[in-house]
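Following: one structure in structure tokens, then a few remarks.
The values are calculated or read from the model by the stated rules, or taken from the named source; none is laboratory data. Here the structure is a predicted model, which means the values were calculated and not measured. Using ideal geometry, Cβ is built from the backbone for each residue, glycine included, and neighbour counts are taken over all protein chains shown. All accessible areas refer to the heavy atoms of the entire protein, side chains included, with ligands and DNA or RNA removed. Shrake-Rupley method; radii C 1.70, N 1.55, O 1.52, S 1.80 Å.
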Amino acid sequence: MFDPIQRQLLGLDERFLVHSPELNCQLHPETLAAVLDLRARAATFDFDLRIASSFRNFERQLLIWNNKALGLRPVLDSHGEPLDIHRLGDREKVFAILRWSALPGASRHHWGTDFDVYGASCIDANYQLQLTVAETETGGPFAEFHRWLDAELQQVNCHFYRPYTLDLGGIAPEPWHLSYAPLAKNYAQLFTLDVLREQLEQTSLQLKDIVLENLDEIFQRYIRVD
């Protein structure tokens with residue numbers, strides 16, 4: 001049995017969240033208040049800050065993982081190009097999926113502190129959002145928005161940070177992924193390998209044996225980023 005905080009960190013409980021009609025998302029109330037402030041500051045620079053993804057529960061993350069493991073959803077290489085998952089060994093599959101997708105139970109999107117942002121005013125209504133690094137760099141539609149965000153994150157009164165800024169050989173860089181530091185830093189320390197292992201052992205996770213066999217390495221390379 002998990003205690004309430006453990007259930008929250010694993011994405012098993014969403015009673016602590018609030019829904020924002022303005023942003024159409026679910027977040028921890030403290031996170032949401034800070035996001036709305038960040039959104040207001042963005043508006044003064046003519047950026048319409050929107051959230052592409054916020055809270056995601058365990059079952060949703062499990063569905064994403066299993067569909068990727070079964071080849072029903074694209075698995076991308078480090079350059080964002082699709083891989084032929086059926087040509088990979090089981091361990092290769094696990095680490096290929098982890099490059100862009102968290103293990104169920106280990107996603108920071110479970111916490112209500114993390115979300116993906118984009119500048120809606122930088123694109124037209126028909127634009128298909130990709131959430132790729134190329135979109136954020138020079139020549140990409142969100143380059144100017146991310147230049148503003150770079151500067152904003154350096155302000156002493158800004159409580160957000162990017163947990164996946166650098167490529168350390170684990171999760172690919174995700175400049176659009178923001179984390180609310182006052183809560184997320186604490187949650188990251190509370191989240192343990194043993195709790196994750198216990199949850200995964202009782203689920204219908206594809207490639208579960210390989211994941212559990214390599215969980216120590218996965219935890220250090222893909223989860224323990226703070």
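How large is ³J(HN,Hα), in whole Hz, for each residue of the stretch 49-61 in order, when computed from phi with the Karplus curve 6.51 cos²θ - 1.76 cosθ + 1.60 and θ = phi - 60°, using x for Gly and Pro?
6, 10, 10, 7, 7, 10, 5, 9, 7, 4, 4, 5, 5
Compute the FRET efficiency between Phe2 and Asp226 as 1/(1 + (r/R0)^6), taking r as their Cβ-Cβ distance and R0 = 25 Å, and round to the nearest 0.05.
Working: r = 21 Å, r/R0 = 0.84.
Approximately 0.75, to the nearest 0.05.
Rounded to whole Hz and in sequence order, give me ³J(HN,Hα) for the stretch 119-130 from the Karplus expression 6.51 cos²θ - 1.76 cosθ + 1.60, θ = phi - 60°, writing x for Gly and Pro.
x, 5, 6, 8, 9, 8, 5, 8, 5, 8, 5, 10
Carbon and sulfur together cover what percent of the accessible area of the stretch 1-51 at a 1.4 Å probe radius?
54 percent
Can you compute the helix-only [θ] at 222 nm over the chain? Use -39500 (n - 2.57) per DSSP H run of at least 4 residues, normalise by all residues, nearest 500 deg cm²/dmol.
Taking each H run of at least 4 residues, the total per residue is -10500 deg cm²/dmol.
Would you work out which of Gly105, Val117, Gln130 lies farthest towards the positive end of the dipole of the stretch 85-175, given +1 charges on the beta-carbon of Lys and Arg and -1 on that of Asp and Glu, about the Cα centre?
In the stretch 85-175, that residue is Gly105.
Before I look further, what does the stretch 21-162 give for accessible area per residue, probe 1.4 Å, in whole square angstrom?
That works out to 50 Å² for each residue.
Work out, step by step, the length gained on full extension between Glu30 and Ala52: first 0.36 nm times the residue separation, then minus their alpha carbon distance; give nm to one decimal.
6.0 nm
Amide H neighbours of Cys25 under 5 Å, at least 5 residues apart or on other chains, H built in the peptide plane: list them.
It is Ser20, by chain and number.
Spelling out what I want: for every residue of the stretch 94-108, take phi, set θ = phi - 60°, compute 6.51 cos²θ - 1.76 cosθ + 1.60 (Karplus), and round to whole Hz; glycine and proline get x.
Result, rounded to whole Hz: 4, 6, 5, 5, 5, 4, 10, 10, 6, 4, x, x, 10, 7, 5.
If the cut-off is a Cα-Cα distance under 23 Å, which lysines reach Lys68, setting aside same-chain residues fewer than 8 apart in sequence?
Those lysines meeting the cut-off are Lys93, Lys208.
How large is the charge dipole for the chain, taken about the Cα centre, if only the Cβ atoms of Lys, Arg (+1) and Asp, Glu (-1) carry charge, to the nearest 20 debye?
The dipole of the chain has a size of about 240 debye.
Say R0 is 45 Å: what FRET efficiency, to the nearest 0.05, do Gln154 and Arg91 get from their beta-carbon distance?
The value I calculate is 0.70.
Under the rule of at least 5 residues apart or a separate chain, name every residue whose amide H is placed under 5 Å from the amide H of Ser53.
Those lying under 5 Å, H to H, from Ser53 are Asp116.
According to the square roots a ≥ b ≥ c of the eigenvalues of the Cα gyration tensor, what is the shape class of the stretch 28-79, taking rounded for a/c under 1.5, prolate for a/b larger than b/c otherwise, and oblate for the remainder?
Because a/c hits 1.5 or more and a/b fails to exceed b/c, the stretch 28-79 counts as oblate.
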